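Everything on this sheet refers to the single structure shown next.
The values are calculated or read from the model by the stated rules, or taken from the named source; none is laboratory data. Treat the numbers as computed from the prediction; the structure is a model and nothing was measured. As a convention, Cβ positions derive from the backbone with ideal geometry for all residues, glycine included, and neighbour counts pool all protein chains shown.
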Amino acid sequence: MTGVLQFGALLAQLMSHRALDCASLAASAGIAPAQVQAVLDGQAPTERLLRGLGPVLGLHAADLFVLAGQSVPDDLTPITRNPNWSIDTVVYNTMVMPAENRRPLLAAIRAQPLVRREGRGGVDRPYHRYEPGFGAVLLELAHSRNLTWTGTAKALYAVTDGRIYLSASTIGGIGRSTVEATPELVAGFAGVLGIPAPDLAALGGIHMPDDLPPLHSRAADVAAIVWEARRLTTTQLQEIELTSRHLAGR
C-alpha cells in the first residue's frame, strides 16, 4: 500500500515497542515461530496469525486485518448494516456527561445481549472507497467501528476537546489522501480508535513531536464506547441513546 509501512515491518516495530521477540510472540499467540518470522521477512500474514496476534499485541483482531491490508472477516465486522445506525448522539452525550457517568454507560453497552450475526455488518457507502494509502487505512479503521465520515468527525472533536473540528467532506479527503494526515490528526485518530499513537504513526511513517497537545481525559472512554457499540443492533442502540441522555442529565 502506497505510503503505508508493510505489515512485516510494522509487526517488527510493535514487537519492539512491547519488548517481544519472535519466540515469545509466537508462543503467546499459539502459532509456530516460523510463521511469525515469515511475516517479518515480508510474507503476507494468514488469517489465523492475525487473529492470534491481536490479544498478544493488545490490538483488536479486526484492526490487524485492516493494518495488514486485508478484508476484515465477516464475523469481526460490526453487527448491523443498517444505514441509519449512528452512534453520534451517544458520543455527544458522552462528551457532556459527568466523568463518573461514562463507566456506567460503558457497562450498559456491555450488558446488552449478544445478537446472532447474519452475514457481514458495518458501514458500506458508495463513497467509502479509497485508493491505497495511509489516509485510507485511518478511514477503514474508523469504518470498522461503524463510524461514517460524520461520525468520525464528531468522535475526533470529542477526544481532542474541540481542537480538531472538521467537516464530513474533509474526513473523506483524509481517506482519499487529498487532506494531509498531520501528526495532530494521527494522534486524534489514535484517540478515537483506542490504538497507541506511536503504533498508528509508525504505520504511515509519521514523526510524532513531543509537544503535541494531550487528548481529553474522556478519550479512552469514548474509544471504548465506540468500539463496544459496534456490537449493538439498531434497537439496542436506541436504548443506549436513552441511557446516555439520562447520564448526561439532558
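Below is a table of values for the structure above.
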item	result
Every pair of residues 6+ apart whose Cβ atoms lie under 6 Å, when the first sits in segment 147-172 and is part of a loop (DSSP other than H, G, I, E, B) while the second is among the hydroxyl-bearing types (Ser, Thr, Tyr)	TYR165/TYR157
Restricting segment 232-250 to residues that are in contact (Cβ under 8 Å) with a residue 40 or more places away in the chain and β-branched (Val, Ile, Thr), the residue that is surrounded by the fewest Cβ atoms within 10 Å (Cβ to Cβ)	THR234
Matching residues, segment 28-54, being surrounded by 15 or more Cβ atoms within 10 Å (Cβ to Cβ) and either among the small types (Gly, Ala, Ser) or closer than 22 Å to PRO198 by Cα (or both)	ALA29, VAL36, ALA38, VAL39, LEU40, PRO45, LEU50, ARG51, GLY52, LEU53, GLY54
Residue that is nearest to the chain's Cα centre (by Cα) [pool: residues in segment 226-250 that are small (Gly, Ala, Ser) and part of a loop (DSSP other than H, G, I, E, B)]	ALA248
Breaking point among (1) over 12 Å from the mean Cα position of the chain (by Cα); (2) crowded, with 19+ Cβ neighbours inside 10 Å; (3) touching a residue at least 40 places away in the same chain (Cβ under 8 Å); (4) in a helix (DSSP H, G or I), for ALA181	(4)
Candidate set from segment 186-208 (those that are outside any helix (DSSP H, G or I) and touching a helix residue (DSSP H, G or I) at 6+ places or on another chain (Cβ under 6 Å)); member that is surrounded by the most Cβ atoms within 10 Å (Cβ to Cβ)	GLY194
Count - residues of segment 113-148 that are buried (at least 18 other Cβ atoms within 10 Å of the Cβ) and under 21 Å from THR235 (Cα atoms)	9
Which listed residue is more than 17 Å from ALA223 (Cα to Cα) and within 18 Å of the chain's Cα centre (by Cα), from VAL91, VAL56, VAL115	VAL56
Failed item in (1) closer than 21 Å to PRO73 by Cα; (2) acidic (Asp, Glu); (3) surrounded by fewer than 17 Cβ atoms within 10 Å (Cβ to Cβ), with ASP161 passing the rest	(1)
Subset of segment 185-209 [out of contact with any Ser or Thr (no Cβ under 6 Å at 6 or more places or on another chain) and closer than 16 Å to LYS154 by Cα]	LEU185, VAL186, ALA187, PHE189, ALA190, GLY191, VAL192, LEU193, GLY194
Meets criteria (in contact with a helix residue (DSSP H, G or I) (Cβ under 6 Å, 6 or more places away or on another chain), more than 24 Å from LEU200 (Cβ to Cβ) and outside any loop (DSSP other than H, G, I, E, B)) for ASN93	yes
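Okay, residues lined up against (1) touching a helix residue (DSSP H, G or I) at 6+ places or on another chain (Cβ under 6 Å); (2) without any contact (Cβ under 8 Å) to a residue 24 or more places away in the chain:
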| position | (1), (2) |
| --- | --- |
| GLN6 | no, no |
| LEU20 | no, no |
| SER28 | yes, no |
| ALA38 | no, yes |
| GLN43 | no, no |
| THR46 | no, yes |
| LEU59 | no, no |
| VAL66 | yes, no |
| VAL72 | yes, no |
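Per-residue answers, yes or no, for (1) within 19 Å of ALA190 (Cα to Cα); (2) at pLDDT 95 or above:
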{"site": "ALA38", "(1), (2)": "no, yes"}
{"site": "LEU59", "(1), (2)": "yes, yes"}
{"site": "LEU67", "(1), (2)": "yes, no"}
{"site": "GLN70", "(1), (2)": "no, no"}
